[in-house]
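Asks: Here's a structure for you.
The values are calculated or read from the model by the stated rules, or taken from the named source; none is laboratory data. This one's a predicted model, so the numbers in the text were calculated from it and none came from an experiment. Virtual Cβ from ideal backbone geometry, glycine too; neighbours counted across all protein chains shown. Keep in mind that these areas ignore ligands, DNA and RNA; they rest on the heavy atoms of the full protein, side chains included. Shrake-Rupley method; radii C 1.70, N 1.55, O 1.52, S 1.80 Å.
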Amino acid sequence: MANVKRVFTVNGEPFFPVGGQSMNQAGQSASEAEAAFKAVKLLHGNTLEIPVYWEQVEPEEGRFDFSIVDALLASARRYGMKLVLLWFATWKNGNMDYTPTWVKTSPQRFRRVASPTGRAVWVLSSHCRANTEADQRAFTALCAHLKAVDSTERTVIALQIENEPGILGSDRDYGPEAQATFESPVPDELVSKMKAAGKGPVFEVWQEAGGKEGGSWPELFGWAGGELMTAWSIATTIDGLAEAGKAVYGLPMYINVWLARHAWAMAGEDYPSGGAVPKVLDIYKWFTPHVDLIAPDIYLPDNKGYESMCRAYARDDNPLFVPESGGRAASNAWLMFRAIADYNAIGYHGFGVEWYMAEDGSVRPEAQMVVDSFRCVSAVIPLLLKYQGTGKIHAVVQEENMESQELDLDGYVGQVQFDGRPRWFPPAGDTAERRGRGLVIQASQHEFYLVGSHYQLVLHPKLPPHVARDMSLVRDPLLRRSSQYLSVDEGHFDEKGEFVVDHQRNGDEIRFAAPWVEPDIGVLRVVMCD
Ligand code: DGJ
């Protein structure tokens, strides 16, 4: 399997960020941010994603005030946490809400996207040089400030440039500069990239429109020309920010994406046009060499939709990183395990993390399932860093009506049984909260690490049929008397990544119940005797 490209590091070592993203307004003061830090602690996370607003740090043109950044750094260090700062600037959810007043009130200078009828849309145009230059000046000032105050401690591990960029309110900019670009030849570089790729959604749109070697955007891409030009224009604009920012301070930088929910979704209406949705992702990858990755905000709760997004963004040239997921809904509490095991996600965050916490600081009951899942992921970070990409990490995901799941392990068949509690506990009801989920990690042929909720794992050695028949009790789902364990231990990983045993299971705990997991037991290590 392919090597996992670890974009995030701490002290030069690979780092797996897990935690939450704050609500949008939490970045305005240390006191507003406090709840977000607490909530990330509650889910055993190591990283908070929190916005920095252009309008706040450059209230007057050229006058920068990064005191809020300093305050966030101080809080993060107090909590022993890392930060991903989200640069809310030209784009925030496909509009310009977080641009400074001096930008908003000078539309002649900082031109906006024009709709087909010439109406000014509430989005800055990526075709207006003044916009790009102003944003870039502010972004590089932020990078310079971080270099000055954080290059030793490195509390900030990455920057998200903009937020869900794109245009809401028009499929493209119809203003004079954009129109001129639309009618000009598509850059040769794009044509050669498409030719070299020979496949993919951008290539296909080009072929469907006739596959011409040269011509304007509508000539090369037909009806999709507006969205593709916008994608190219926004991608190159943001890459310029990344290049300038990295020249000052070399932090990892990424772009997040508001995903289209269906194939028939309308660009500019259902999602921001020109954002890095799967159909234009190739354009982003070709034109953002200074951006480390493109990250989908996955709020899709259904397995099929969720996995299709993992598949689209987990590419050899783009490790999967989920900066936002459906934290509010119970959704994704199972599927995050799939993203991590099957798509090698290099980090995972839930949006609106403050919501997970009740007023008294405990976990809000409706959020328990999500919090538990994050806790389980956090518990095995050393193993994720070691085994992702090797095929040794398996997701346990109980889909609706599923009674068991089979894992093809090295030397064993893993039979995952749901409702994973020892039989002297009362039977569980069939509610979503009780759906089995987690990870099974095979560290060596006979050594397994388990985390998760509501499942048991029966390990059947892969034996020749005549031997297996002879050992029929091994396969008995209820009495696993013949299972030969060397040890079954509950424990945790210490700071050096070493497994520490907290409780040894034996006797009834292993003879009348197959190894089971719950989030609060930590990590279960099962070592079979050969
Ligand atoms: C995605 C955005 O990136 C966030 O800032 C926030 O607006 C969420 N959507 C809300 O669901």
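Asks: Pairs of Cα atoms under 8 Å, at least six residues apart: use those to get the relative contact order of the chain, whole percent.
Replies: 13 percent
Asks: So what's the angle, to the nearest 10 degrees on a 0 to 90 scale, between helix 188-197 and the longest Cα principal axis of the chain?
Replies: For 188-197 against the chain, the angle is about 20 degrees.
Asks: Moving on to the next point. Would you please classify the overall shape of the range 219-345 from the alpha carbon gyration tensor, given that a ≥ b ≥ c denote the square roots of the eigenvalues, rounded means a/c under 1.5, and beyond that prolate means a/b larger than b/c while oblate covers the rest?
Replies: The shape class here is oblate.
Asks: Moving to a separate point now. Taking only DSSP H segments of four or more residues, each worth -39500 (n - 2.57), what value at 222 nm results for the chain once the sum is divided by all its residues, to the nearest 500 deg cm²/dmol?
Replies: -9000 deg cm²/dmol
Asks: Sorted by packing (mean other beta-carbon atoms within 10 Å per residue), highest first, where do 286-292, 488-494 land?
Replies: Most protected by this proxy first, the peptides run 286-292, 488-494.
Asks: Highest mean first, what order results for 498-508, 520-530, 339-349 on Cβ atoms within 10 Å? Can you show the working numbers first?
Replies: Details: 498-508: 12.2, 520-530: 17.1, 339-349: 24.6.
The most tightly packed comes first, giving 339-349, 520-530, 498-508.
Asks: Calculate the dipole size of the range 1-73 relative to its Cα centre from +1 charges on Lys and Arg beta carbons and -1 charges on Asp and Glu beta carbons; express the result in debye to the nearest 20. Could the numbers behind the result be given before it?
Replies: Numbers: 5 positive and 10 negative charges, 119 e Å.
Dipole about the Cα centre, nearest 20: 560 debye.
Asks: Next question, about the same structure. To the nearest 10 degrees, how steeply does helix 225-248 sit against the main Cα axis of the chain, on a 0 to 90 scale?
Replies: Here the helix axis deviates by roughly 80 degrees.
Asks: If ligands, DNA and RNA are left out, what is the accessible area of residue 258 with a 1.4 Å probe, given in Å² to the nearest 10?
Replies: Number for this one is 80 Å².
Asks: On to the next question. Would you tally the net charge around residue 258, using a Cβ to Cβ cut-off of less than 13 Å, leaving residue 258 out, and scoring K and R as +1, D and E as -1?
Replies: Computed value for this residue: -4.
Asks: Using only the alpha-carbon atoms, how far is helix 129-150 inclined from the longest principal axis of the chain? Give it as 0 to 90 degrees, nearest 10.
Replies: 50 degrees
Asks: In the calculated pair distance distribution of the chain, what percentage of Cα-Cα distances lie above 33 Å?
Replies: Details: 62549 of 140185 pairs.
Above the 33 Å cut-off, the chain has 45 percent of its Cα pairs.
Asks: In addition: Which entries in the list 5/195; 195/304; 386/496; 38/92; 38/82; 5/246 go over 21 Å, if you measure between the two C-alpha atoms of each?
Replies: On the way: 5/195 26 Å; 195/304 31 Å; 386/496 13 Å; 38/92 25 Å; 38/82 13 Å; 5/246 19 Å.
Beyond 21 Å between Cα atoms: 5/195; 195/304; 38/92.
Asks: Applying the Karplus parametrisation 6.51 cos²θ - 1.76 cosθ + 1.60 with θ = phi - 60° to the phi angles of the range 95-102, what ³J(HN,Hα) value in whole Hz is obtained for each residue in order, glycine and proline being reported as x?
Replies: Couplings: 9, 10, 4, 9, 6, x, 4, 5 Hz.
Asks: Once you list every other residue whose beta carbon is under 10 Å from the beta carbon of residue 279, what net charge do they have if Lys and Arg are +1 and Asp and Glu are -1?
Replies: Charge balance in the 10 Å sphere: -3.
Asks: Further question: With Cβ to Cβ distances under 14 Å as the rule, what net charge do the other residues near residue 246 carry (K, R +1; D, E -1)?
Replies: -2
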